[in-house]
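Inspection log for the structure reproduced underneath, given as C-alpha cells.
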Amino acid sequence: MAFENLSEKLQNALKLFRGTGKITEEDLKAPLKEVRMALLEADVNFKVVKDFVTGIKEKALNLELAPGFSAHQQIIKIVNEELIALLGGEQAKLEVAPKPPTVYMLCGLQGAGKTTSVAKLAHYLKYKRNKKPLLVAGDIYRPAAITQLEVLAKQVGVPSFALGDKTSPVEIAKQALAKANYLACDTVIIDTAGRLHIDEELMQELADIKAAVSPTEILLTVMP
C-alpha cells in the first residue's frame, strides 16, 4: 500500500506539468512541490527529498527535448531515472562475511513487515543457499513481536534467540553472536523495532547495534 499510495501521488503531481516547449522553472514549480510533499508524507528523509527534487529540477532545466517526445514525457523519464538511482540503481546480491557468522540487520518503518521478512529471508537462506540462520528478536517494544518471531522461526525450521523485553536490543544482538557460535549457525538475522526517521532515540539504538555487532549488511524493509 505504501508504494501504491506514493505512486499515485507522484502520477498526480506529474499531471500538473503542462509544458510543451523548453522547460522553465515556472513549469516545474507546482509539480515538484507535489513530488516533495508525496515523498515527505511517505516518511522519506527531508535531506533525501531535497536532493531528489534538486536532481530532477537540474536535469529538467538543462534538458534538450528529444524528437518525437513531449516535455511531459521527458519529465516522467527523468523522475523514473531519479527514483531508480534513489533505490540503488541495480539489484545487489546479499554479501556473505568472509568468516562466519554473517550478520544481517533488518530495519524499517513501523508496520513494514520486518519480522515476516526476517522469516522469509531465513527460509531463502536455509533452503536456497544451504545456510544455517539464527533469528534474533531485537524488537522489544511491539507487543507480541518476540512471540511472532519465535513462531515464524519454528515454521521455517530454524532456531531463534530472545532475552525478553527487559534486555536492551544492543545486548541481545551481542549475545546472539555467541549463541550462533554455540549452535554452529553461520548466519544471524536481527529483527529490529519499527521506527520513524524522526525518532532520534530509536535511530541511535540502530547505530549502537551496528557498532556492537558490525553487521555484514543492513537491509531496509519496505511495505510492498
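Bear in mind that the values in this text are calculations on the coordinates, not laboratory data. The shown structure was predicted, so the numbers you read here are calculated from the model rather than taken from an experiment. Cβ coordinates were reconstructed from backbone atoms using ideal geometry, including for glycine residues, and neighbour counts include every protein chain displayed.
Summary of computed values
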read-out	value
Entries of Lys47/Lys128; Lys120/Lys166; Lys77/Lys126; Lys47/Lys179; Lys47/Lys126 with Cα pairs more than 31 Å apart	Lys47/Lys128; Lys77/Lys126; Lys47/Lys179; Lys47/Lys126
Residues Ala207 and Asn80, FRET efficiency given R0 of 35 Å [Cβ-Cβ distance, rounded to 0.05]	0.60
Lys174 paired with Asn45, simple spin-label distance in nm, labels 7 Å along Cα-to-beta-carbon	2.6
Packing-based exposure ordering (other Cβ within 10 Å, fewest first) of Phe161, Phe46, Phe52	Phe46, Phe52, Phe161
Cross-link pairs beyond the 22 Å C-alpha cut-off, checked among Lys99/Lys131; Lys15/Lys59; Lys50/Lys114	Lys50/Lys114
Per-residue Cβ neighbour rank within 10 angstrom, fewest leading, Val96, Val213, Val35	Val96, Val213, Val35
